[in-house]
Amino acid sequence: MQIEVNGKQIDIGDALRAHVIDALSLAMEKYAERPVDATVTFAKDGHEYKCECSTHLSTGMKAQATGKANEIYAAFDVANERLAKQLRRYKRRLKNHHKARSTPFERFEASSFVIESDSPDVEDASDSMQPVIIAESTTSIPVLSVGEAVLQMEIGSEPVVMFRNEKNDGINVVYRREDGNVGWIDPSASTA
């Protein structure tokens, strides 16, 4: 497993780097069957230190956790504990969903756009003929089952996951509703 440890505008010493690699490797070996890589980023946030941990598994799933504390080691320990708790909580589900899957999720590339107006009021921007700024990038959309998409949303702490449903090959979305439940949008089900 490859672990990248870096800091945003702070120096990370060798002792902290060794502590992070040892502790994260231990947690990943214990709770994740096939971790591929992990990234740990430290930053100063006011008087506290902030640690963001993100790990990718060979199945394409990713888990993320954040920790804050007055000490940099304590910030990592909080984030590592949260990451381990997520993986421990979903270990059985991960095994059940991915045991038969020997290859990573199939992914296909899609364009992603961010449309932003110079004006804070969008209606005024169209009246004044201000140009609209469009940022284009690409993203990958995984081929998942609905259960795997919900699991990806919960583990990755993402509010929405778009995926290609492996059952009907249609584009689907799962999202966290305001009432705490999970919503699933399947356009192919309404046309059938």
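What follows draws every value from the coordinates through simple rules; no lab data is involved. Everything numeric in this text was worked out from a predicted model, so none of it was measured. Neighbour counts are summed over all protein chains in view; Cβ atoms, including those assigned to glycine, are modelled from backbone coordinates with ideal geometry.
Counting neighbouring beta carbons within 10 Å and listing from fewest to most, the residues M28, M153, M1 come out as M1, M153, M28. Give the percent of DSSP beta bridges with both residues in the range 2-98 that are antiparallel, rounded to the nearest 5. Taking every DSSP beta bridge within the range 2-98, about 70 percent pair in antiparallel fashion. Taken about its Cα centre, the range 2-98 carries a charge dipole of roughly 720 debye when the Cβ of each Lys and Arg holds +1 and the Cβ of each Asp and Glu holds -1. Residues D11, D22 in ascending order of nearby Cβ atoms (within 10 Å, fewest first): D11, D22. Taking the number of Cβ atoms within 10 Å of each Cβ as an exposure proxy, the fewest-first ranking of E148, E178, E166 is E178, E166, E148.
In sequence order, the range 3-8 has phi-based couplings of 10, 9, 10, 9, x, 9 Hz under the Karplus curve 6.51 cos²θ - 1.76 cosθ + 1.60, θ = phi - 60°, and Gly or Pro positions carry x.
Computed over the Cα atoms of the range 1-69, the ratio of the radius of gyration to the Kirkwood radius (Rg/Rh) comes to 0.98. Checking the Cα-Cα distances for K30/K50; K62/K167; K44/K68; K8/K85; K30/K85 against a 18 Å cut-off, the pairs over it are K30/K50; K62/K167; K8/K85.
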